[in-house]
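The values are calculated or read from the model by the stated rules, or taken from the named source; none is laboratory data. None of the values given here were measured: they were computed from a predicted structure. So basically every Cβ, Gly included, is an ideal-geometry build from the backbone, and we count neighbours across all protein chains shown. Just so you know, the surface numbers come from the protein's heavy atoms only, side chains and all, with ligands and any DNA or RNA stripped out. Shrake-Rupley method; radii C 1.70, N 1.55, O 1.52, S 1.80 Å.
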Amino acid sequence: MQAALLDRLRSTVGPANVLTGVEVSPYVVEGRTPDAVVFPGSVDEVSALVVLAGESRIPVVPWGGGTAAAVGTPSSRAGLVLGLRRLDRVLEHEPGDLTATVEAGITVAKLQAALGAHGQWLSLDPPEAERATVGGVLATNASGPRRHLYGSARDLLIGVTVVTAEGAVVRGGGKVVKNVAGYDLPKLFIGSYGTLGVIVEATVRLRPRPDEERLLAVRFDRVKDGGAAARAVMGSDLIPNAVELLDAEAARALGVGWSAPALVVGFDGLAEQVEWQCAELARLVAACGGREPQRLSGETWSRLGTVAHGAFAAPAALVRLGVLPTHVADTMEQGAEAARGRGLASAWAAHAGVGVVRGALFSAREAQEVEPIVATLLEWREVARAGGGHATLEWAPLSVKSEVPVWDDPGAAGRIMRGIKAQLDPNNILNPGRFVAGI
Ligand SMILES: Cc1cc2nc3c(=O)[nH]c(=O)nc-3n(C[C@H](O)[C@H](O)[C@H](O)COP(=O)(O)OP(=O)(O)OC[C@H]3O[C@@H](n4cnc5c(N)ncnc54)[C@H](O)[C@@H]3O)c2cc1C
(Lines give C-alpha, C1' and ligand atoms only; values in the text may rest on other atoms or scores of the structure.)
Protein backbone atom coordinates (compact mmCIF):
# COMPACT_ATOMS: atom_id res chain seq x y z
CA MET A 1 0.00 0.00 0.00
CA GLN A 2 1.32 3.43 -0.87
CA ALA A 3 2.88 5.27 2.05
CA ALA A 4 0.65 8.29 1.44
CA LEU A 5 -2.51 6.27 1.87
CA LEU A 6 -1.12 4.59 4.99
CA ASP A 7 -0.44 8.02 6.47
CA ARG A 8 -4.01 9.08 5.77
CA LEU A 9 -5.34 5.91 7.40
CA ARG A 10 -3.18 6.63 10.47
CA SER A 11 -4.31 10.23 10.67
CA THR A 12 -7.95 9.10 10.41
CA VAL A 13 -8.01 6.49 13.20
CA GLY A 14 -4.67 7.05 14.97
CA PRO A 15 -1.44 5.03 14.37
CA ALA A 16 -2.29 2.52 17.13
CA ASN A 17 -5.38 1.46 15.21
CA VAL A 18 -3.64 0.60 11.95
CA LEU A 19 -1.92 -2.79 11.53
CA THR A 20 0.56 -3.57 8.75
CA GLY A 21 3.25 -6.15 7.98
CA VAL A 22 3.35 -9.19 10.30
CA GLU A 23 0.69 -7.62 12.51
CA VAL A 24 -1.94 -8.49 9.90
CA SER A 25 -1.27 -12.25 10.05
CA PRO A 26 -4.40 -13.00 12.17
CA TYR A 27 -6.42 -11.53 9.28
CA VAL A 28 -4.91 -13.66 6.49
CA VAL A 29 -7.76 -15.65 4.93
CA GLU A 30 -7.12 -18.50 2.44
CA GLY A 31 -3.60 -17.19 1.82
CA ARG A 32 -4.82 -13.64 1.05
CA THR A 33 -2.84 -11.13 3.11
CA PRO A 34 -4.56 -7.79 3.69
CA ASP A 35 -2.69 -4.58 2.75
CA ALA A 36 -3.60 -3.22 6.20
CA VAL A 37 -6.07 -3.68 9.04
CA VAL A 38 -7.77 -0.60 10.50
CA PHE A 39 -10.01 -0.17 13.57
CA PRO A 40 -12.33 2.86 13.37
CA GLY A 41 -13.60 4.30 16.66
CA SER A 42 -16.72 6.01 15.32
CA VAL A 43 -19.24 5.91 12.46
CA ASP A 44 -17.58 9.00 10.96
CA GLU A 45 -14.23 7.20 10.93
CA VAL A 46 -15.82 4.19 9.19
CA SER A 47 -17.19 6.59 6.59
CA ALA A 48 -13.81 8.33 6.10
CA LEU A 49 -12.01 4.99 5.72
CA VAL A 50 -14.48 3.67 3.13
CA VAL A 51 -14.12 6.90 1.13
CA LEU A 52 -10.31 6.60 1.24
CA ALA A 53 -10.47 2.99 0.07
CA GLY A 54 -12.94 3.93 -2.66
CA GLU A 55 -10.68 6.67 -3.99
CA SER A 56 -7.83 4.13 -4.24
CA ARG A 57 -10.14 1.32 -5.46
CA ILE A 58 -8.93 -0.91 -2.60
CA PRO A 59 -11.29 -3.73 -1.55
CA VAL A 60 -12.80 -3.32 1.94
CA VAL A 61 -13.43 -6.39 4.14
CA PRO A 62 -15.65 -5.65 7.13
CA TRP A 63 -14.44 -7.83 10.03
CA GLY A 64 -16.42 -8.61 13.16
CA GLY A 65 -15.14 -11.61 15.14
CA GLY A 66 -13.74 -13.35 12.09
CA THR A 67 -15.56 -16.61 12.88
CA ALA A 68 -16.97 -16.75 9.36
CA ALA A 69 -14.24 -14.80 7.57
CA ALA A 70 -13.50 -17.76 5.30
CA VAL A 71 -17.13 -18.24 4.28
CA GLY A 72 -17.52 -17.21 0.64
CA THR A 73 -15.79 -17.47 -2.70
CA PRO A 74 -12.06 -16.81 -2.26
CA SER A 75 -11.47 -13.11 -2.99
CA SER A 76 -8.97 -12.05 -5.66
CA ARG A 77 -7.39 -9.54 -3.26
CA ALA A 78 -7.75 -9.06 0.53
CA GLY A 79 -7.34 -5.27 0.49
CA LEU A 80 -8.24 -3.29 3.62
CA VAL A 81 -9.69 -5.17 6.59
CA LEU A 82 -12.04 -2.88 8.51
CA GLY A 83 -12.28 -4.23 12.07
CA LEU A 84 -15.39 -3.20 14.00
CA ARG A 85 -14.22 -4.26 17.48
CA ARG A 86 -13.89 -0.69 18.81
CA LEU A 87 -17.58 -0.08 18.01
CA ASP A 88 -18.81 -2.31 20.84
CA ARG A 89 -21.17 -0.23 22.98
CA VAL A 90 -24.82 -0.63 23.92
CA LEU A 91 -26.09 2.80 22.80
CA GLU A 92 -29.68 2.52 24.09
CA HIS A 93 -31.54 -0.14 26.05
CA GLU A 94 -35.26 0.48 26.64
CA PRO A 95 -36.23 -2.45 28.93
CA GLY A 96 -39.82 -1.22 28.88
CA ASP A 97 -39.93 -1.31 25.08
CA LEU A 98 -37.90 -4.53 24.89
CA THR A 99 -35.57 -2.89 22.39
CA ALA A 100 -31.89 -2.04 22.30
CA THR A 101 -29.65 -0.14 19.91
CA VAL A 102 -26.08 -1.38 19.78
CA GLU A 103 -22.87 -0.81 17.86
CA ALA A 104 -22.13 -3.56 15.34
CA GLY A 105 -18.80 -4.61 16.83
CA ILE A 106 -20.26 -5.72 20.16
CA THR A 107 -19.92 -9.47 20.67
CA VAL A 108 -23.06 -11.49 21.20
CA ALA A 109 -21.76 -12.62 24.61
CA LYS A 110 -21.09 -9.05 25.80
CA LEU A 111 -24.54 -7.93 24.66
CA GLN A 112 -26.30 -10.88 26.33
CA ALA A 113 -24.46 -10.09 29.59
CA ALA A 114 -25.56 -6.45 29.48
CA LEU A 115 -29.18 -7.40 28.72
CA GLY A 116 -29.13 -10.22 31.28
CA ALA A 117 -28.56 -7.64 34.02
CA HIS A 118 -32.13 -6.48 33.21
CA GLY A 119 -33.56 -10.01 32.88
CA GLN A 120 -33.70 -9.73 29.10
CA TRP A 121 -31.91 -11.29 26.13
CA LEU A 122 -31.55 -11.15 22.36
CA SER A 123 -33.21 -14.41 21.32
CA LEU A 124 -30.40 -15.43 18.97
CA ASP A 125 -27.84 -18.14 19.79
CA PRO A 126 -25.26 -18.20 16.99
CA PRO A 127 -22.10 -20.18 17.69
CA GLU A 128 -18.93 -18.66 19.03
CA ALA A 129 -20.83 -15.99 21.00
CA GLU A 130 -17.61 -14.84 22.69
CA ARG A 131 -16.18 -13.86 19.26
CA ALA A 132 -19.16 -13.41 16.94
CA THR A 133 -20.32 -9.80 16.70
CA VAL A 134 -23.82 -8.46 16.16
CA GLY A 135 -22.71 -6.97 12.82
CA GLY A 136 -21.26 -10.32 11.71
CA VAL A 137 -24.34 -12.21 12.86
CA LEU A 138 -26.55 -9.87 10.83
CA ALA A 139 -24.25 -9.91 7.80
CA THR A 140 -24.31 -13.74 7.75
CA ASN A 141 -27.83 -14.19 9.18
CA ALA A 142 -26.25 -16.52 11.71
CA SER A 143 -28.43 -18.37 14.15
CA GLY A 144 -28.48 -21.40 16.40
CA PRO A 145 -30.87 -24.09 17.67
CA ARG A 146 -33.24 -21.64 19.38
CA ARG A 147 -34.22 -20.16 16.01
CA HIS A 148 -36.80 -22.98 16.06
CA LEU A 149 -38.97 -20.89 18.37
CA TYR A 150 -37.51 -17.37 18.15
CA GLY A 151 -36.67 -17.07 14.46
CA SER A 152 -33.50 -15.64 12.94
CA ALA A 153 -31.96 -12.19 12.75
CA ARG A 154 -34.53 -11.24 10.13
CA ASP A 155 -37.26 -11.52 12.76
CA LEU A 156 -35.42 -9.50 15.41
CA LEU A 157 -33.88 -6.57 13.53
CA ILE A 158 -35.94 -3.38 13.80
CA GLY A 159 -33.50 -0.82 12.45
CA VAL A 160 -29.98 -0.61 11.04
CA THR A 161 -27.38 2.07 10.30
CA VAL A 162 -24.92 1.32 7.51
CA VAL A 163 -22.04 3.10 5.84
CA THR A 164 -22.40 2.71 2.09
CA ALA A 165 -19.57 2.12 -0.35
CA GLU A 166 -19.52 5.86 -1.00
CA GLY A 167 -19.21 6.68 2.70
CA ALA A 168 -22.80 7.83 3.22
CA VAL A 169 -24.34 7.02 6.63
CA VAL A 170 -27.80 5.59 6.01
CA ARG A 171 -30.40 4.50 8.55
CA GLY A 172 -33.12 1.98 7.66
CA GLY A 173 -36.05 0.92 9.82
CA GLY A 174 -36.74 2.54 13.19
CA LYS A 175 -36.27 2.40 16.92
CA VAL A 176 -39.66 0.88 17.55
CA VAL A 177 -41.20 -2.24 16.04
CA LYS A 178 -41.96 -1.93 12.32
CA ASN A 179 -42.88 1.73 11.71
CA VAL A 180 -41.29 3.01 8.56
CA ALA A 181 -42.85 2.90 5.11
CA GLY A 182 -40.85 1.96 1.99
CA TYR A 183 -38.52 -0.95 1.20
CA ASP A 184 -37.47 -2.95 4.24
CA LEU A 185 -33.79 -1.87 4.07
CA PRO A 186 -32.72 -3.62 7.29
CA LYS A 187 -33.62 -6.97 5.74
CA LEU A 188 -31.58 -6.17 2.62
CA PHE A 189 -28.36 -6.11 4.66
CA ILE A 190 -29.08 -9.33 6.55
CA GLY A 191 -27.16 -12.17 5.00
CA SER A 192 -25.41 -9.80 2.54
CA TYR A 193 -21.95 -10.81 3.79
CA GLY A 194 -20.65 -7.23 3.86
CA THR A 195 -21.13 -6.73 0.11
CA LEU A 196 -23.70 -3.88 0.24
CA GLY A 197 -22.55 -1.74 3.16
CA VAL A 198 -20.80 -1.76 6.53
CA ILE A 199 -23.31 -2.31 9.33
CA VAL A 200 -22.34 0.07 12.14
CA GLU A 201 -25.41 0.09 14.41
CA ALA A 202 -28.50 -2.07 14.88
CA THR A 203 -31.77 -1.81 16.81
CA VAL A 204 -33.05 -5.20 17.89
CA ARG A 205 -36.14 -6.59 19.54
CA LEU A 206 -35.54 -8.26 22.92
CA ARG A 207 -37.35 -10.82 25.08
CA PRO A 208 -37.59 -11.45 28.82
CA ARG A 209 -35.29 -14.26 29.92
CA PRO A 210 -37.25 -17.47 30.59
CA ASP A 211 -37.43 -18.70 34.23
CA GLU A 212 -36.43 -22.20 33.32
CA GLU A 213 -34.72 -23.87 30.37
CA ARG A 214 -34.08 -27.58 29.82
CA LEU A 215 -32.42 -29.65 27.11
CA LEU A 216 -33.27 -33.33 26.61
CA ALA A 217 -31.71 -35.95 24.34
CA VAL A 218 -33.58 -39.01 23.06
CA ARG A 219 -31.76 -42.01 21.58
CA PHE A 220 -33.03 -43.69 18.38
CA ASP A 221 -31.85 -46.67 16.33
CA ARG A 222 -32.20 -44.85 13.01
CA VAL A 223 -32.06 -41.21 11.86
CA LYS A 224 -35.41 -41.65 10.15
CA ASP A 225 -37.04 -42.66 13.47
CA GLY A 226 -35.64 -39.50 15.04
CA GLY A 227 -37.01 -37.59 12.06
CA ALA A 228 -40.46 -39.08 12.59
CA ALA A 229 -40.31 -38.13 16.27
CA ALA A 230 -39.27 -34.58 15.36
CA ARG A 231 -42.35 -34.27 13.14
CA ALA A 232 -44.51 -35.71 15.94
CA VAL A 233 -43.16 -33.07 18.32
CA MET A 234 -43.81 -30.31 15.78
CA GLY A 235 -47.32 -31.66 15.17
CA SER A 236 -48.14 -31.70 18.89
CA ASP A 237 -49.09 -28.84 21.21
CA LEU A 238 -45.61 -28.81 22.71
CA ILE A 239 -43.68 -25.53 22.24
CA PRO A 240 -40.02 -26.51 22.04
CA ASN A 241 -37.39 -23.80 21.63
CA ALA A 242 -35.08 -26.24 19.81
CA VAL A 243 -35.55 -29.47 17.84
CA GLU A 244 -32.15 -30.79 16.74
CA LEU A 245 -31.77 -34.09 14.86
CA LEU A 246 -28.29 -35.62 15.14
CA ASP A 247 -26.82 -38.68 13.49
CA ALA A 248 -24.63 -41.10 15.48
CA GLU A 249 -21.38 -39.19 14.71
CA ALA A 250 -22.84 -35.87 15.84
CA ALA A 251 -24.47 -37.46 18.93
CA ARG A 252 -21.10 -38.95 19.87
CA ALA A 253 -19.44 -35.57 19.40
CA LEU A 254 -22.07 -33.83 21.56
CA GLY A 255 -21.26 -36.28 24.38
CA VAL A 256 -24.78 -37.59 25.05
CA GLY A 257 -23.20 -40.92 26.13
CA TRP A 258 -24.11 -43.02 23.12
CA SER A 259 -23.09 -43.36 19.45
CA ALA A 260 -26.52 -43.60 17.88
CA PRO A 261 -28.91 -41.04 16.34
CA ALA A 262 -30.40 -38.56 18.80
CA LEU A 263 -33.22 -36.04 18.89
CA VAL A 264 -32.31 -33.10 21.14
CA VAL A 265 -35.27 -31.01 22.26
CA GLY A 266 -35.25 -27.83 24.32
CA PHE A 267 -38.00 -26.20 26.35
CA ASP A 268 -38.08 -22.90 28.20
CA GLY A 269 -40.62 -20.89 30.16
CA LEU A 270 -42.24 -21.26 33.57
CA ALA A 271 -40.88 -24.20 35.58
CA GLU A 272 -44.16 -26.15 35.71
CA GLN A 273 -44.73 -25.65 31.98
CA VAL A 274 -41.24 -26.97 31.23
CA GLU A 275 -41.82 -29.90 33.58
CA TRP A 276 -45.09 -30.80 31.85
CA GLN A 277 -43.59 -30.53 28.36
CA CYS A 278 -40.66 -32.79 29.27
CA ALA A 279 -43.03 -35.48 30.55
CA GLU A 280 -45.17 -35.14 27.43
CA LEU A 281 -42.08 -35.45 25.21
CA ALA A 282 -41.20 -38.79 26.83
CA ARG A 283 -44.65 -40.11 25.93
CA LEU A 284 -44.50 -38.77 22.37
CA VAL A 285 -41.06 -40.13 21.42
CA ALA A 286 -41.69 -43.56 22.93
CA ALA A 287 -44.31 -44.06 20.23
CA CYS A 288 -41.59 -43.46 17.62
CA GLY A 289 -39.11 -45.91 19.14
CA GLY A 290 -37.30 -43.32 21.24
CA ARG A 291 -35.66 -44.28 24.56
CA GLU A 292 -36.25 -42.44 27.84
CA PRO A 293 -35.17 -38.78 27.37
CA GLN A 294 -31.86 -37.87 29.05
CA ARG A 295 -31.41 -34.41 30.53
CA LEU A 296 -28.34 -32.56 29.19
CA SER A 297 -26.31 -29.93 31.04
CA GLY A 298 -26.89 -26.27 30.21
CA GLU A 299 -23.41 -25.82 28.72
CA THR A 300 -24.38 -28.26 25.96
CA TRP A 301 -26.31 -25.45 24.27
CA SER A 302 -23.13 -23.65 23.22
CA ARG A 303 -21.87 -26.76 21.39
CA LEU A 304 -25.18 -27.92 19.95
CA GLY A 305 -25.24 -25.45 17.02
CA THR A 306 -21.87 -26.53 15.66
CA VAL A 307 -21.86 -30.19 16.71
CA ALA A 308 -21.62 -31.60 13.16
CA HIS A 309 -18.89 -29.17 12.23
CA GLY A 310 -17.02 -30.07 15.42
CA ALA A 311 -17.37 -33.85 15.02
CA PHE A 312 -14.03 -34.23 13.26
CA ALA A 313 -10.78 -32.52 14.29
CA ALA A 314 -9.80 -31.97 10.64
CA PRO A 315 -12.90 -32.09 8.45
CA ALA A 316 -12.43 -32.18 4.67
CA ALA A 317 -15.39 -29.83 4.14
CA LEU A 318 -18.41 -28.29 5.91
CA VAL A 319 -21.78 -27.64 4.27
CA ARG A 320 -25.11 -26.09 5.14
CA LEU A 321 -28.17 -27.43 3.32
CA GLY A 322 -31.61 -25.83 3.35
CA VAL A 323 -34.40 -28.40 2.76
CA LEU A 324 -38.07 -28.91 3.62
CA PRO A 325 -38.43 -30.05 7.26
CA THR A 326 -40.07 -33.26 6.02
CA HIS A 327 -36.89 -34.01 4.00
CA VAL A 328 -34.40 -33.50 6.84
CA ALA A 329 -33.89 -37.13 7.89
CA ASP A 330 -33.75 -38.42 4.31
CA THR A 331 -31.23 -35.73 3.37
CA MET A 332 -28.99 -36.72 6.30
CA GLU A 333 -29.20 -40.43 5.43
CA GLN A 334 -28.66 -39.92 1.69
CA GLY A 335 -25.73 -37.61 2.43
CA ALA A 336 -24.13 -40.16 4.76
CA GLU A 337 -24.62 -42.89 2.15
CA ALA A 338 -23.00 -40.74 -0.57
CA ALA A 339 -19.93 -40.27 1.63
CA ARG A 340 -19.73 -43.94 2.68
CA GLY A 341 -19.95 -44.94 -0.99
CA ARG A 342 -16.66 -43.11 -1.59
CA GLY A 343 -14.93 -44.36 1.55
CA LEU A 344 -15.48 -41.10 3.42
CA ALA A 345 -17.10 -40.43 6.82
CA SER A 346 -19.61 -37.71 7.65
CA ALA A 347 -21.49 -36.18 10.56
CA TRP A 348 -24.92 -34.56 10.37
CA ALA A 349 -27.00 -32.27 12.57
CA ALA A 350 -30.14 -30.36 11.70
CA HIS A 351 -32.42 -27.66 12.98
CA ALA A 352 -35.19 -30.17 12.17
CA GLY A 353 -38.08 -27.72 12.46
CA VAL A 354 -36.70 -25.20 9.98
CA GLY A 355 -34.88 -27.57 7.60
CA VAL A 356 -31.31 -26.31 8.12
CA VAL A 357 -28.98 -29.31 7.84
CA ARG A 358 -25.25 -29.10 8.54
CA GLY A 359 -22.89 -31.78 7.33
CA ALA A 360 -19.19 -32.37 7.86
CA LEU A 361 -17.14 -34.58 5.55
CA PHE A 362 -14.08 -36.47 6.76
CA SER A 363 -11.42 -38.43 4.91
CA ALA A 364 -9.28 -40.78 6.97
CA ARG A 365 -6.89 -41.15 4.07
CA GLU A 366 -3.41 -39.72 4.53
CA ALA A 367 -3.46 -38.02 1.13
CA GLN A 368 -6.67 -36.02 1.04
CA GLU A 369 -7.64 -37.03 -2.54
CA VAL A 370 -9.77 -34.16 -3.80
CA GLU A 371 -11.80 -36.19 -6.32
CA PRO A 372 -13.99 -38.24 -3.90
CA ILE A 373 -14.50 -35.15 -1.72
CA VAL A 374 -15.59 -33.02 -4.68
CA ALA A 375 -17.86 -35.78 -6.00
CA THR A 376 -19.52 -36.20 -2.60
CA LEU A 377 -20.11 -32.46 -2.13
CA LEU A 378 -21.62 -32.15 -5.60
CA GLU A 379 -23.89 -35.09 -4.77
CA TRP A 380 -24.89 -33.45 -1.48
CA ARG A 381 -25.86 -30.32 -3.41
CA GLU A 382 -27.93 -32.47 -5.79
CA VAL A 383 -29.67 -34.17 -2.86
CA ALA A 384 -30.68 -30.77 -1.45
CA ARG A 385 -31.72 -29.40 -4.82
CA ALA A 386 -33.77 -32.55 -5.61
CA GLY A 387 -35.87 -31.69 -2.53
CA GLY A 388 -36.36 -28.09 -3.66
CA GLY A 389 -33.58 -26.91 -1.35
CA HIS A 390 -30.19 -25.25 -1.56
CA ALA A 391 -26.60 -25.82 -0.47
CA THR A 392 -23.77 -23.59 0.79
CA LEU A 393 -20.17 -24.79 1.10
CA GLU A 394 -19.34 -23.19 4.47
CA TRP A 395 -15.75 -24.34 4.58
CA ALA A 396 -13.34 -26.31 2.40
CA PRO A 397 -9.69 -26.03 1.35
CA LEU A 398 -8.99 -23.99 -1.80
CA SER A 399 -8.30 -27.21 -3.75
CA VAL A 400 -11.93 -28.20 -3.20
CA LYS A 401 -13.42 -24.70 -3.41
CA SER A 402 -11.90 -24.33 -6.87
CA GLU A 403 -14.11 -27.23 -8.03
CA VAL A 404 -17.24 -26.87 -5.89
CA PRO A 405 -19.01 -23.48 -5.97
CA VAL A 406 -19.65 -22.05 -2.50
CA TRP A 407 -23.06 -20.71 -3.41
CA ASP A 408 -25.84 -22.16 -5.55
CA ASP A 409 -26.49 -20.47 -8.88
CA PRO A 410 -29.39 -18.04 -8.17
CA GLY A 411 -30.57 -18.17 -11.77
CA ALA A 412 -32.48 -15.15 -13.05
CA ALA A 413 -32.48 -13.60 -9.56
CA GLY A 414 -28.73 -13.16 -10.00
CA ARG A 415 -29.26 -10.32 -12.47
CA ILE A 416 -31.39 -8.40 -9.95
CA MET A 417 -28.83 -9.07 -7.21
CA ARG A 418 -26.00 -7.79 -9.39
CA GLY A 419 -28.13 -4.75 -10.17
CA ILE A 420 -28.60 -3.98 -6.47
CA LYS A 421 -24.86 -4.46 -5.87
CA ALA A 422 -23.93 -2.15 -8.78
CA GLN A 423 -26.33 0.48 -7.41
CA LEU A 424 -25.03 0.38 -3.85
CA ASP A 425 -21.36 -0.31 -4.59
CA PRO A 426 -20.62 1.04 -8.09
CA ASN A 427 -16.84 0.62 -7.68
CA ASN A 428 -17.25 -2.91 -6.35
CA ILE A 429 -15.02 -2.37 -3.28
CA LEU A 430 -17.07 -4.14 -0.54
CA ASN A 431 -15.99 -7.81 -0.23
CA PRO A 432 -15.77 -8.06 -4.04
CA GLY A 433 -16.24 -11.46 -5.68
CA ARG A 434 -17.05 -13.34 -2.45
CA PHE A 435 -20.81 -13.67 -2.70
CA VAL A 436 -23.59 -15.28 -4.73
CA ALA A 437 -23.59 -14.73 -8.50
CA GLY A 438 -19.95 -13.58 -8.39
CA ILE A 439 -20.92 -10.44 -6.48
C1 LIG B 1 -17.14 -23.71 13.31
C2 LIG B 1 -18.20 -22.73 12.90
C3 LIG B 1 -19.48 -23.13 12.91
C4 LIG B 1 -20.48 -22.24 12.54
N5 LIG B 1 -21.74 -22.67 12.62
C6 LIG B 1 -22.71 -21.81 12.36
C7 LIG B 1 -24.04 -22.17 12.63
O8 LIG B 1 -24.34 -23.25 13.10
N9 LIG B 1 -25.01 -21.28 12.34
C10 LIG B 1 -24.71 -20.06 11.81
O11 LIG B 1 -25.62 -19.33 11.54
N12 LIG B 1 -23.43 -19.64 11.62
C13 LIG B 1 -22.44 -20.50 11.90
N14 LIG B 1 -21.15 -20.10 11.76
C15 LIG B 1 -20.87 -18.81 11.25
C16 LIG B 1 -20.55 -17.78 12.31
O17 LIG B 1 -20.60 -18.18 13.58
C18 LIG B 1 -21.42 -16.61 12.17
O19 LIG B 1 -21.58 -16.31 10.87
C20 LIG B 1 -20.93 -15.44 12.98
O21 LIG B 1 -21.99 -15.04 13.58
C22 LIG B 1 -20.28 -14.35 12.24
O23 LIG B 1 -19.97 -13.28 13.14
P24 LIG B 1 -18.55 -12.62 13.14
O25 LIG B 1 -18.62 -11.34 13.90
O26 LIG B 1 -17.52 -13.58 13.54
O27 LIG B 1 -18.41 -12.25 11.59
P28 LIG B 1 -17.07 -12.30 10.62
O29 LIG B 1 -16.65 -13.68 10.57
O30 LIG B 1 -16.13 -11.26 11.09
O31 LIG B 1 -17.76 -11.83 9.30
C32 LIG B 1 -18.64 -12.69 8.63
C33 LIG B 1 -19.04 -11.99 7.33
O34 LIG B 1 -19.79 -10.82 7.64
C35 LIG B 1 -19.15 -9.63 7.17
N36 LIG B 1 -19.27 -8.65 8.25
C37 LIG B 1 -18.82 -8.77 9.52
N38 LIG B 1 -19.14 -7.68 10.24
C39 LIG B 1 -19.83 -6.85 9.38
C40 LIG B 1 -20.44 -5.54 9.50
N41 LIG B 1 -20.43 -4.88 10.64
N42 LIG B 1 -21.03 -5.01 8.39
C43 LIG B 1 -21.08 -5.68 7.22
N44 LIG B 1 -20.51 -6.91 7.04
C45 LIG B 1 -19.91 -7.48 8.10
C46 LIG B 1 -17.70 -10.03 6.89
O47 LIG B 1 -17.11 -9.26 5.88
C48 LIG B 1 -17.86 -11.50 6.49
O49 LIG B 1 -18.21 -11.60 5.13
C50 LIG B 1 -20.14 -20.94 12.12
C51 LIG B 1 -18.81 -20.53 12.11
C52 LIG B 1 -17.87 -21.40 12.50
C53 LIG B 1 -16.45 -20.97 12.54
Problem - Exposure rank, largest accessible area first [351, 390; 1.4 Å] - result: 390, 351
Problem - For residue 369, solvent-accessible area (1.4 Å; no DNA, RNA or ligand), Å² - result: 90 Å²
Problem - Compactness of the stretch 15-100 as Cα Rg over 2.2 N^0.38 Å, two decimals - result: 1.25
Practice task
Provide the packing ranking of 429-436, 76-83, 164-171, i.e. peptides ordered by the mean count of other C-beta atoms within 10 Å per residue, highest first.
Solution key: 429-436, 76-83, 164-171
Handout entry: Degrees separating the helix 223-234 axis from the principal Cα axis of the chain, which is the longest one
Key = 80 degrees
Completion exercise
With only helices counted (DSSP H, runs n ≥ 4, each -39500 (n - 2.57)), the per-residue ellipticity at 222 nm for the chain, to the nearest 500, works out to -9000 deg cm²/dmol
Handout entry: Dipole magnitude of the chain about its Cα centre (Cβ charges: Lys, Arg +1; Asp, Glu -1), debye to nearest 20
Key = 480 debye
Exercise for the section: Rounded to the nearest Å, what's the spacing between the alpha carbon centres of the stretch 53-98 and the stretch 228-303? Just the number, please. Expected result: 36 Å
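How much length would be gained if the chain were fully extended between residue 94 and residue 283, taking 0.36 nm per residue of separation minus their Cα-Cα distance, in nm to one decimal?
Difference between extended and current length: 63.9 nm.
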Problem - Summed side-chain charge close to residue 29 - residues other than residue 29 whose Cβ falls under 13 Å, Lys, Arg +1, Asp, Glu -1 - result: +3
Exercise for the section: Could you work out the Kirkwood radius for the chain, taking every pair of different alpha carbons, averaging 1/r and inverting it, reported in Å? Expected result: 22.7 Å
Exercise for the section: Could you do me a favour and compute the accessible area per residue for the chain, 1.4 Å probe, result in Å²? Expected result: 41 Å²
Exercise for the section: Counting other Cβ atoms within 10 Å, keep those with at most 11, restrict to DSSP loop, and tell me which chymotrypsin sites (Phe, Trp or Tyr not before Pro) in the stretch 116-217 are left. Expected result: 183
Practice task
Using a 1.4 Å probe over the heavy atoms of the protein chains, calculate the carbon and sulfur portion of the accessible area of the stretch 309-401 as a whole percent.
Solution key: 58 percent
Fill in the blank from the handout: Correct semi-axes for the stretch 309-401, from √(5λ) of the alpha-carbon gyration tensor and rounded to whole Å with the largest first, are 21, 12, 12
Problem - Anchor residue 187: lysines whose Cα lies under 22 Å away (excluding residues fewer than 8 positions away in-chain) - result: 175, 178, 421
Problem - Peptide ranges 334-345, 2-13, 412-423 listed from the most packed, as the mean C-beta count within 10 angstrom indicates - result: 334-345, 2-13, 412-423
Exercise for the section: With all distinct Cα pairs included, what does the Kirkwood hydrodynamic radius of the stretch 36-152 come out to in Å, to one decimal, could you say? Expected result: 15.3 Å
Completion exercise
Carbon and sulfur atoms account, in whole percent of the 1.4 Å probe accessible area of the stretch 212-304, for 50 percent
Practice task
First compute the accessible area of the stretch 79-205 with a 1.4 Å probe, then give the percent of it belonging to carbon and sulfur atoms.
Solution key: 53 percent
Problem - Sparse-neighbourhood loop sites, chymotrypsin sites (Phe, Trp or Tyr not before Pro) in the stretch 202-284 - DSSP loop, at most 16 other Cβ within 10 angstrom - result: 258
Completion exercise
In the neighbourhood of residue 408 defined by beta carbon distances under 9 Å, the net charge of the other residues (Lys, Arg +1; Asp, Glu -1) is +1
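Over the stretch 212-304, consider all pairs of different Cα atoms and compute the Kirkwood hydrodynamic radius from their mean reciprocal separation; express it in Å, one decimal.
12.8 Å
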